[in-house]
Amino acid sequence: MQLGPGLLITFLYYFTCTTLITTVFSSQVLRLSLVTGMPYSVGVIFGLIGGLLGTYFNRTVTVSLEFKSKKVFTATLQDALTELGFEETSKLDDFVVYQRPALSNLFSGKVFVQIGKGKATIASRSRNIKRIRRKI
(Lines give C-alpha, C1' and ligand atoms only; values in the text may rest on other atoms or scores of the structure.)
Protein backbone atom coordinates (compact mmCIF):
# COMPACT_ATOMS: atom_id res chain seq x y z
CA MET A 1 0.00 0.00 0.00
CA GLN A 2 1.45 3.33 -1.05
CA LEU A 3 0.84 6.19 1.35
CA GLY A 4 0.98 9.60 -0.25
CA PRO A 5 2.00 10.60 -3.75
CA GLY A 6 5.04 9.07 -5.38
CA LEU A 7 8.27 10.88 -6.19
CA LEU A 8 7.26 11.72 -9.77
CA ILE A 9 3.85 13.12 -8.84
CA THR A 10 5.41 15.26 -6.09
CA PHE A 11 8.02 16.65 -8.50
CA LEU A 12 5.46 17.37 -11.21
CA TYR A 13 3.17 19.16 -8.76
CA TYR A 14 5.85 21.54 -7.49
CA PHE A 15 7.43 21.96 -10.95
CA THR A 16 4.10 22.83 -12.60
CA CYS A 17 2.90 25.22 -9.89
CA THR A 18 6.23 27.05 -9.67
CA THR A 19 6.57 27.26 -13.46
CA LEU A 20 3.09 28.71 -13.93
CA ILE A 21 3.40 31.25 -11.14
CA THR A 22 6.91 32.34 -12.18
CA THR A 23 5.96 32.62 -15.86
CA VAL A 24 3.02 34.91 -15.16
CA PHE A 25 4.90 36.89 -12.51
CA SER A 26 8.01 37.38 -14.67
CA SER A 27 5.93 38.51 -17.66
CA GLN A 28 4.29 41.16 -15.47
CA VAL A 29 7.46 42.32 -13.71
CA LEU A 30 9.67 42.34 -16.80
CA ARG A 31 6.82 43.73 -18.93
CA LEU A 32 7.30 41.02 -21.53
CA SER A 33 4.58 39.46 -23.60
CA LEU A 34 4.01 35.74 -23.18
CA VAL A 35 4.52 35.48 -26.94
CA THR A 36 8.25 36.29 -26.63
CA GLY A 37 9.09 33.06 -24.83
CA MET A 38 11.37 34.68 -22.25
CA PRO A 39 8.89 34.35 -19.35
CA TYR A 40 8.60 30.63 -20.13
CA SER A 41 12.37 30.17 -19.93
CA VAL A 42 12.47 31.91 -16.57
CA GLY A 43 9.45 29.87 -15.43
CA VAL A 44 11.04 26.55 -16.38
CA ILE A 45 14.30 27.38 -14.59
CA PHE A 46 12.48 28.34 -11.40
CA GLY A 47 10.11 25.39 -11.91
CA LEU A 48 13.02 22.95 -11.88
CA ILE A 49 14.40 24.50 -8.72
CA GLY A 50 10.95 24.51 -7.08
CA GLY A 51 10.29 20.94 -8.19
CA LEU A 52 13.55 19.65 -6.78
CA LEU A 53 13.17 21.51 -3.47
CA GLY A 54 9.51 20.52 -3.12
CA THR A 55 10.31 16.90 -3.85
CA TYR A 56 13.18 16.84 -1.37
CA PHE A 57 11.25 18.35 1.55
CA ASN A 58 7.76 16.99 0.88
CA ARG A 59 8.28 13.51 -0.53
CA THR A 60 6.61 10.67 1.31
CA VAL A 61 9.04 8.57 3.34
CA THR A 62 8.30 5.26 5.04
CA VAL A 63 10.40 4.15 8.01
CA SER A 64 10.37 0.83 9.82
CA LEU A 65 11.48 0.85 13.45
CA GLU A 66 12.04 -2.16 15.67
CA PHE A 67 11.24 -2.16 19.38
CA LYS A 68 11.24 -4.54 22.31
CA SER A 69 8.26 -3.30 24.28
CA LYS A 70 5.15 -2.32 22.35
CA LYS A 71 3.75 -0.45 25.35
CA VAL A 72 6.89 1.67 25.89
CA PHE A 73 7.32 2.38 22.16
CA THR A 74 3.67 3.37 21.72
CA ALA A 75 3.88 5.76 24.68
CA THR A 76 7.14 7.28 23.40
CA LEU A 77 5.74 7.69 19.89
CA GLN A 78 2.50 9.18 21.19
CA ASP A 79 4.47 11.70 23.29
CA ALA A 80 6.65 12.64 20.30
CA LEU A 81 3.65 13.13 18.02
CA THR A 82 1.79 15.15 20.65
CA GLU A 83 4.85 17.35 21.18
CA LEU A 84 4.99 17.97 17.41
CA GLY A 85 1.29 18.91 17.44
CA PHE A 86 -0.20 15.79 15.87
CA GLU A 87 -3.44 14.24 17.09
CA GLU A 88 -4.97 10.87 16.27
CA THR A 89 -7.82 11.49 13.84
CA SER A 90 -8.80 8.21 12.19
CA LYS A 91 -7.82 4.72 11.12
CA LEU A 92 -7.04 3.59 7.58
CA ASP A 93 -6.75 -0.18 7.16
CA ASP A 94 -4.08 -1.17 9.72
CA PHE A 95 -2.74 2.38 10.07
CA VAL A 96 -3.58 5.01 12.66
CA VAL A 97 -3.71 8.46 11.06
CA TYR A 98 -2.38 11.51 12.90
CA GLN A 99 -2.65 15.10 11.75
CA ARG A 100 -2.41 18.62 13.07
CA PRO A 101 -5.59 20.57 13.72
CA ALA A 102 -7.05 23.22 11.40
CA LEU A 103 -4.87 25.10 8.92
CA SER A 104 -1.52 23.84 10.18
CA ASN A 105 -2.47 20.48 8.64
CA LEU A 106 -2.18 22.00 5.15
CA PHE A 107 1.55 22.48 5.54
CA SER A 108 2.49 19.45 7.62
CA GLY A 109 0.46 16.63 6.10
CA LYS A 110 -0.51 13.43 7.89
CA VAL A 111 1.45 10.77 9.74
CA PHE A 112 0.48 7.14 9.22
CA VAL A 113 1.52 4.67 11.94
CA GLN A 114 1.22 0.89 11.92
CA ILE A 115 2.42 -0.98 14.99
CA GLY A 116 2.90 -4.72 14.74
CA LYS A 117 4.85 -7.36 16.64
CA GLY A 118 8.24 -5.84 17.38
CA LYS A 119 8.08 -3.49 14.41
CA ALA A 120 6.44 -0.17 13.63
CA THR A 121 5.97 1.43 10.23
CA ILE A 122 5.67 5.21 10.05
CA ALA A 123 4.94 7.09 6.82
CA SER A 124 4.78 10.85 6.31
CA ARG A 125 6.56 13.76 4.66
CA SER A 126 10.34 13.52 4.97
CA ARG A 127 10.62 16.51 7.29
CA ASN A 128 8.01 15.01 9.65
CA ILE A 129 9.88 11.70 9.73
CA LYS A 130 13.14 13.49 10.59
CA ARG A 131 11.47 15.30 13.49
CA ILE A 132 9.82 12.14 14.78
CA ARG A 133 13.07 10.16 14.65
CA ARG A 134 14.84 12.88 16.66
CA LYS A 135 12.14 12.69 19.36
CA ILE A 136 12.09 8.90 19.68
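Reported count of residues in region 85-98, each being touching a Phe, Trp or Tyr at 6+ places or on another chain (Cβ under 9 Å) and either aromatic (Phe, Trp, Tyr) or not in a strand (DSSP E or B) (or both), is 3.
Condition (residue is modelled with pLDDT under 90, outside any helix (DSSP H, G or I), out of contact with any Leu (no Cβ under 7 Å at 6 or more places or on another chain) and open to solvent by 50 Å² or more (accessible area, probe 1.4 Å)) applied to region 39-57: is it met by at least one residue? No, region 39-57 contains no residue that is modelled with pLDDT under 90, outside any helix (DSSP H, G or I), out of contact with any Leu (no Cβ under 7 Å at 6 or more places or on another chain) and open to solvent by 50 Å² or more (accessible area, probe 1.4 Å).
Of the residues that make up region 23-36, is at least one of a type in the set (S, T, N, Q), at pLDDT below 90 and farther than 16 Å from SER126 by Cβ? Break it down stepwise before answering.
Pass one, region 23-36, residues of a type in the set (S, T, N, Q): 23, 26-28, 33, 36.
Applying the additional criterion that residues be at pLDDT below 90 yields 33, 36.
Then drop every residue that is not farther than 16 Å from SER126 by Cβ, which leaves 33, 36.
Yes, because at least one residue in region 23-36 is of a type in the set (S, T, N, Q), at pLDDT below 90 and farther than 16 Å from SER126 by Cβ.
Note on region 110-128: residues that are open to solvent by 10 Å² or more (accessible area, probe 1.4 Å) and not in a strand (DSSP E or B) amount to 4. Examine region 69-87 for a residue that is out of contact with any strand residue (DSSP E or B) (no Cβ under 7 Å at 6 or more places or on another chain), closer than 28 Å to PHE11 by Cβ and surrounded by fewer than 16 Cβ atoms within 10 Å (Cβ to Cβ), and state whether such a residue exists. Checked region 69-87: at least one residue is out of contact with any strand residue (DSSP E or B) (no Cβ under 7 Å at 6 or more places or on another chain), closer than 28 Å to PHE11 by Cβ and surrounded by fewer than 16 Cβ atoms within 10 Å (Cβ to Cβ).
The values are calculated or read from the model by the stated rules, or taken from the named source; none is laboratory data. This is a predicted model, so every value here is computed, not measured. With ideal geometry, Cβ positions are generated from the backbone for all residues, glycine too; neighbour counts draw on all protein chains shown. Accessible surface areas use protein heavy atoms only, side chains included; no ligands, DNA or RNA. Shrake-Rupley method; radii C 1.70, N 1.55, O 1.52, S 1.80 Å.
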